[in-house]
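Take a look at the structure below.
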Amino acid sequence: MIEKKAVAHSQGTDMPPLVFDVDLCIGCNICVHICQVDILVPNPEEGAPPIVLYPGECWYDGSCVSACPIPGAITLTAMAGKRVRFKRKDSGEEFFT
Ligand code: SF4
């Protein structure tokens, strides 16, 4: 059973690089496959958000957020000084990570 609230997979870090919204995430694992440094693995529970196995290895490039088909399902967190502006290819919408 999936708990219906936003969840952070921190796996031993004070500041997890990614936060998933379990109400929005459909567990498609596109973010798992697009990750440049393979920090994510599919959740063994079908339809649940991926698990961040290696949060300390995150490059904060935002590829997972850009590739996710569900806006708001995954959020990249970063300290204010490390926030980067991205622009969606399809809509041109700008967003920060
Ligand atoms: S790409 Fe988005 S919807 Fe798919 S598993 Fe990742 S966070 Fe969930």
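The values are calculated or read from the model by the stated rules, or taken from the named source; none is laboratory data. Keep in mind that this is a model prediction, so the values were computed, not measured. No Cβ is skipped: glycine too gets one built from the backbone with ideal geometry, and neighbour counts run over all protein chains shown.
Remark: residue 19 matches the filter, which requires a residue to be of a type in the set (Val, Ile, Thr) and in contact (Cβ under 8 Å) with a residue 40 or more places away in the chain. Counting the residues of region 12-57 that are assigned to a loop (DSSP other than H, G, I, E, B) and either more than 23 Å from residue 96 (Cβ to Cβ) or within 14 Å of the ligand (Cβ to nearest atom) (or both) gives 25. Does residue 92 satisfy the condition of being part of a loop (DSSP other than H, G, I, E, B) and within 14 Å of the ligand (Cβ to nearest atom)? For residue 92, the condition - part of a loop (DSSP other than H, G, I, E, B) and within 14 Å of the ligand (Cβ to nearest atom) - is not met.
In region 61-78, the residues that are without any contact (Cβ under 8 Å) to a residue 60 or more places away in the chain and outside any loop (DSSP other than H, G, I, E, B) form Cβ pairs under 9 Å with partners that are more than 10 Å from the ligand (Cβ to nearest atom) and polar (S, T, N, Q), at six or more places apart or across chains, as follows: 63/36; 65/97; 75/97; 76/97. In region 46-59, the residues that are in contact (Cβ under 8 Å) with a residue 40 or more places away in the chain and under 16 Å from residue 33 (Cα atoms) reach residues that are within 15 Å of the ligand (Cβ to nearest atom) and small (Gly, Ala, Ser) with C-beta atoms within less than 6 angstrom, at least six apart or across chains, in these pairs: 47/27; 48/27. The condition (being hydrophobic (A, V, I, L, M, F, W, C), touching a Ser or Thr at 6+ places or on another chain (Cβ under 7 Å), crowded, with 17+ Cβ neighbours inside 10 Å and at pLDDT 95 or above) is satisfied by just one residue among 25, 35, 31, 68: 35.
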